[in-house]
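Read-outs: derived from the displayed coordinates by stated rules, not from any lab. These figures come from a predicted structure and were not determined experimentally. In this analysis, Cβ positions are derived from the backbone assuming ideal geometry, glycine residues included, and neighbour counts consider all displayed protein chains.
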Amino acid sequence: MKTLTTKFSILVFSLLVTLNLSAQDFQGQATYITKSTMDLGRFGDRLSEAQKKQVKDRLKNRLEKTYTLTFNKEESTFNENDKLDAISGATDSWGKNFTPGEQYKNVKTNTQIQDQEFYGKRFLVKDKLQPIIWKMESETKQIGTYTCFRATASIPSDELTWYNFSWDKLRPNSDANSDEKQEVAMTEVEAWYSPQIPVGHGPSEYWGLPGLILEVSAGSTTILCSKIIINPEEKEKIEAPNKGKEVTKQEYQDIIVAKMKEFRENRVGRQRG
């Protein structure tokens, strides 16, 4: 009985909030912290604990990042907050080639537009939102002042990291035209969303739940909302990026693979010469 009463109270509160969200100038801002673990594999077996710590400290700016999600009822932008290298004080120029750029999503038009820079060239990646079939569950937990519900999904790993690159893609059997059928790697995703903020937005590629997604765990990465401001005094204009060569997600990935293949072949050629 207590559980039913609690959920009913949440529903009533959510409806009241929905009335408030119907205002045309509604806007919210959410700050997210992402943390990833790194498996050093066989390379790590040769390192001392002190050396492992040094490597992880050196790569901390790639493993821990802060983002801001700005959203209204239909649109959102997701941007990384600039962070300097913890040791050198410089920006991580290599890592920026394989990290998500400024992202715009529109849940009404099923559109995603992302500003990506790769080796000095700017691309405007326009595509549909990542399809996600969520399984919504009754389990709840508190994140800050918000009651959140659990949802899970299984998503192709490459679709979640289409802006990234893996050397595995240069292996002969990874060719899309190969006759050998390849098993699609999947990532199990756990999300926590709050109906108290009834918008279909979320960080990164995640969206499509009946409430703002406040936490996501996928693979070795966790994305957690640390701060929410509803209707801030100074509102930001939510706009899609509009500069760069227009490509789809698949076309962008093909460009990355071709460039890295060229990079490897040139390197091998220099070593032989």
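In a shell of Cβ-Cβ distance under 12 Å around T31, excluding T31 itself, what net charge do Lys and Arg (+1) and Asp and Glu (-1) give?
+1
Using r as the Cβ-Cβ distance of T68 and D254, and R0 as 30 Å, what FRET efficiency do you calculate, to the nearest 0.05?
With a Förster radius of 30 Å, E is 0.50.
Which FRET efficiency value, to the nearest 0.05, is calculated for T111 and T145 with the Förster distance at 41 angstrom and r the Cβ-Cβ distance?
Working: r = 32 Å, r/R0 = 0.77.
Once the sixth-power term is evaluated, E becomes 0.85.
Past 21 Å, Cα to Cα, is the threshold; run K121/K235; K73/K108; K108/K128; K105/K235 against it and keep the listed order.
Long pairs (Cα-Cα over 21 Å): K121/K235.
Could you pull out every residue, at least 5 positions away or on a different chain, whose amide H is within less than 5 Å of the one on L129? Hs are placed 1.01 Å off N in the peptide plane, and Pro or chain starts have none.
T111, Q112
Among 103-113, 237-247, how do they line up from the highest to the lowest mean number of other beta-carbon atoms within 10 Å?
Top of the packing list down: 103-113, 237-247.
How high is the FRET efficiency from N231 to E183, r the C-beta distance, R0 45 Å, rounded to 0.05?
0.45
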